[in-house]
């Protein structure tokens with residue numbers, strides 16, 4: 001279980017660090033990637049309002065914290081909110097891109113279950 005938790009922490013950390021940094025680059029370089037329908041409209045608004053910078057900053061800081069193995073319980077709480085929003089976006093607007101979010105959610109469950117004692121106060125235990 002320790003190896004699975006370590007791999008999960010590193011995968012989530014890498015994914016969020018890369019996504020956060022890449023979002024900053026996209027915002028100022030080329031804008032949002034083209035997407036069909038409501039997903040494209042949503043992406044356009046998020047990028048034009050620069051709200052994406054807030055989201056990407058949180059992803060970047062969370063990813064770095066997980067990679068450095070610092071503040072992991074806090075990073076797990078924040079990443080849960082990020083993963084919820086990722087899944088909500090893909091379920092409602094762009095189902096074709098849901099696989100990475102599902103993989104990261106499984107990794108999150110593995111990591112959170114390995115830290116049950118540290119997460120218990122948040123869950124009322």
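Observations on the structure shown:
- Top-ranked residue in the range 27-61 [being loosely packed, with under 15 Cβ neighbours inside 10 Å and within 13 Å of the chain's Cα centre (by Cα); ranked as farthest from residue 117 (Cα to Cα)]: 54
- Candidates 100, 73, 121, filtered to the one that is part of a helix (DSSP H, G or I), touching a residue at least 40 places away in the same chain (Cβ under 8 Å), over 14 Å from residue 15 (Cα atoms) and out of contact with any strand residue (DSSP E or B) (no Cβ under 9 Å at 6 or more places or on another chain): 73
- Single residue of 111, 82 found to be touching a residue at least 24 places away in the same chain (Cβ under 8 Å), over 13 Å from residue 16 (Cα atoms) and under 15 Å from the mean Cα position of the chain (by Cα): 111
- Contact annotation: residue pairs with Cβ atoms under 8 Å, 6 or more positions apart or on different chains, pairing a residue in the range 21-41 that is in contact (Cβ under 8 Å) with a residue 40 or more places away in the chain with a partner that is surrounded by 15 or more Cβ atoms within 10 Å (Cβ to Cβ) and part of a helix (DSSP H, G or I), are 35/43; 39/89.
- If you go through the range 47-57 and keep only what is in contact with a helix residue (DSSP H, G or I) (Cβ under 8 Å, 6 or more places away or on another chain) and farther than 15 Å from residue 19 by Cα, you end up with just 50.
- Index of the failed condition, residue 98 passing every other in (1) under 23 Å from residue 5 (Cβ atoms); (2) modelled with pLDDT of 95 or more; (3) surrounded by fewer than 18 Cβ atoms within 10 Å (Cβ to Cβ): (1)
- Number of residues in the range 10-46 that are in contact with a helix residue (DSSP H, G or I) (Cβ under 9 Å, 6 or more places away or on another chain), over 14 Å from residue 94 (Cα atoms) and outside any helix (DSSP H, G or I) equals 2.
- Any hit, the range 62-70, residues being under 11 Å from the mean Cα position of the chain (by Cα) and within 14 Å of residue 12 (Cα to Cα): yes
- The set of residues in the range 103-118 that are within 14 Å of residue 15 (Cα to Cα) and surrounded by fewer than 17 Cβ atoms within 10 Å (Cβ to Cβ) comprises 103, 106.
The values are calculated or read from the model by the stated rules, or taken from the named source; none is laboratory data. In this text the structure is predicted, and so the values were computed from the model without any measurement. Using ideal geometry, Cβ is built from the backbone for each residue, glycine included, and neighbour counts are taken over all protein chains shown.
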